[in-house]
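A.B. asks: One structure is given below, represented as structure tokens, and several questions about it will come after.
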Amino acid sequence: MTGRHANVAFFVPHLGCPNRCSFCNQKTISGQQRPPSPEEVRRTCREALERLGERAEGAEIAFFGGSFTAIERGYMISLLEAAFPFTGKGGFSGIRVSTRPDAVGEEVLELLGSHGVTIIELGAQSMDDGVLRKNLRGHTAAQVEDASRRIHRQGFSLGLQMMTGLDGQDKESSLDTAARLAELKPECMRIYPTVVLEGTLLAERFLKGTYVPPSLEETVSLGARLLDFFEERQIPVIRLGLHASREVEWQMLAGGYHPALRELCEARRFLFREREALEGLPEGDGEVLLAIHPKDISKALGQKRENLRLLEKEGRRVRFVQDEKTEPGTVRVYHL
């Protein structure tokens, strides 16, 4: 079981990928060295269904890690046929697959629909064709747009995945990618800041000094802004950052990785709001009370009270007042 949505997840590393992207080491990311067999899918689904009982109706079977619709057709169908009987009434809500924007033609979409697939996620990564070329993605931004419209037209839910910090991708390029992906009306987003892993082209460029990935600080600041951006458009971000694992931590050389990256980004969002609330107030030695909803206290303080320390460095002494009348996610000056 994995993820906030209780997915029963299977990884198919590298299978179906027509090329090797600059950042890709799927075996490290998935922590799995071989693809699943149909029998493994059946056994895992059966065990998960028995364990979850009625709660399975809110869970999905998910195939991640490669380019699902580009793998050998017979193998793809065998995986779907193994999973499909566990969906529907009394079973899981459906099947989620992850694939490439250039591998979702009409014929394969019909096949997915007839085998219980309900949501298709596309690894867009960037909507800057120069960035896509530099990182050997093998598809264009126009193909992302075309595939997204085709998926919606066929009645599937659409998920989109973007990256930040790729070679040639600056903050402005990432924000532009977010804006163009939001226009495609996805039901959900995933954001993956680049992590430089051993055995990848980005690792070679990093070691040669021709590619410098963003720092963790830059990654957190941009991640916070992207969370705000998608929230304003009512598009849920269901993951921010790679799943924490020993494999990633052992093989990473650089990049925006932290085992609690989303929490850092959520705290940074509150720091932005705290600064806005303090804007215009006279500076001085007096303590300013800021009202927040009780459920937001850890985010408002920041990890290891980092937000308080940063505000103090800026000449602001702040204390938080937990106030249930304050709208969750907001910060306001508290008046006694």
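The values are calculated or read from the model by the stated rules, or taken from the named source; none is laboratory data. This one's a predicted model, so the numbers in the text were calculated from it and none came from an experiment. All Cβ positions, even for glycine, are placed from backbone atoms using ideal geometry, and neighbour counts span all protein chains on display. These area figures cover heavy atoms from the full protein model, side chains too; ligands, DNA and RNA do not enter into them. Shrake-Rupley method; radii C 1.70, N 1.55, O 1.52, S 1.80 Å.
A.B. asks: How large is the helix-only mean residue ellipticity at 222 nm for the chain, computed as the sum of -39500 (n - 2.57) over DSSP H runs with n ≥ 4, divided by its residue count, in deg cm²/dmol to the nearest 500?
C.D. replies: It comes out at -11500 deg cm²/dmol, rounded to the nearest 500.
A.B. asks: How much length is gained if the chain between Glu204 and Glu183 is pulled fully straight, taking 0.36 nm per residue apart and subtracting their Cα-Cα distance, in nm to one decimal? Walk me through the intermediate numbers first.
C.D. replies: Details: separation 21, 0.36 × 21 = 7.56 nm, distance 3.49 nm.
Length gained, Glu204 through Glu183: 4.1 nm.
A.B. asks: While we're looking at this one, here's another question. Starting from 0.36 nm per residue, how many nanometres of slack lie between Ser37 and Asp170 once their C-alpha separation is accounted for?
C.D. replies: On the way: separation 133, 0.36 × 133 = 47.88 nm, distance 4.01 nm.
Additional length available on full extension: 43.9 nm.
A.B. asks: For the range 180-336, divide the Cα radius of gyration by the Kirkwood radius and give the resulting Rg/Rh value with two decimals.
C.D. replies: Numbers: Rg = 18.2 Å, Rh = 17.5 Å.
We get a ratio of 1.04 for the range 180-336.
A.B. asks: Give the separation of the Cα centroids, the range 203-250 to the range 105-178, in Å.
C.D. replies: What the calculation gives is 18 Å, centre to centre.
A.B. asks: Hey, what's the range 164-274 come to in accessible area per residue, 1.4 Å probe, Å²? Could you put the intermediate results ahead of the total?
C.D. replies: On the way: 4960 Å² over 111 residues.
Ligands and nucleic acids excluded, the result is 45 Å² per residue.
A.B. asks: Output the lone cysteines of the chain: those with no second cysteine's C-beta under 4.7 Å from their C-beta.
C.D. replies: So, Cys17, Cys45, Cys188, Cys265.
A.B. asks: Mind giving me the FRET efficiency for Arg275 and Arg51? R0 is 51 Å, r the Cβ-Cβ distance, nearest 0.05 is fine. Don't skip to the end; give the middle numbers.
C.D. replies: Numbers: r = 45 Å, r/R0 = 0.89.
Working from the Cβ atoms, E equals 0.65.
A.B. asks: How many nm is it between the label spots at Gln154 and Leu216, if each spot is 7 Å from the Cα in line with the beta carbon?
C.D. replies: Taking the simple label geometry, Gln154 and Leu216 are separated by 4.1 nm.
A.B. asks: Could you tell me the accessible area of Thr326 in Å² (1.4 Å probe, neighbours in place), rounded to the nearest ten?
C.D. replies: 0 Å²
A.B. asks: List residues of the range 287-317, by number, whose backbone nitrogen lies under 17 Å from a label position 7 Å along Cα→C-beta of Ala260.
C.D. replies: 295-310
A.B. asks: In addition: Taking the chain as a Gaussian network, Cα atoms linked when under 10 Å apart, which of Asp102, Asp167, Asp296 shows the biggest mean-square fluctuation?
C.D. replies: Greatest mean-square fluctuation among the candidates belongs to Asp296.
A.B. asks: Here are a few candidate values for Cα extents along the principal axes in Å: (i) 71, 52, 38; (ii) 87, 43, 31; (iii) 68, 66, 44. Which one was actually calculated from the structure I just gave you?
C.D. replies: Answer by label: (i).
A.B. asks: Could I ask something else about it? Let's see if you can work this out: charge +1 on each Lys and Arg Cβ, -1 on each Asp and Glu Cβ, no other charges. What is the dipole magnitude of the chain about its Cα centre, in debye to the nearest 20? Show your work: numbers first, answer last.
C.D. replies: On the way: 45 positive and 48 negative charges, 100 e Å.
It works out to roughly 480 debye.
A.B. asks: So for Thr69, Thr118, what's the accessible-area order with a 1.4 Å probe, most first?
C.D. replies: Putting Thr69, Thr118 in descending order of accessible area: Thr118, Thr69.
A.B. asks: Same structure again: What residue among Thr219, Gln143, Met76 has its Cα farthest toward the positive end of the dipole of the chain, where the charges are +1 on Lys, Arg and -1 on Asp, Glu, each on the Cβ?
C.D. replies: The residue sitting farthest along the positive end of the dipole is Met76.
A.B. asks: How large, in percent, is the carbon and sulfur part of the accessible surface of the range 127-243 at a probe radius of 1.4 Å? Walk me through the numbers on the way to the answer.
C.D. replies: Numbers: 2430 of 5170 Å².
Carbon with sulfur: 47 percent of the solvent-accessible area.
A.B. asks: Comparing Ala147, Ala291, Ala254, which has the greatest mean-square fluctuation in the GNM of the chain with Cα pairs linked when under 10 Å apart?
C.D. replies: Evaluated over the chain, the most mobile residue of the options is Ala291.
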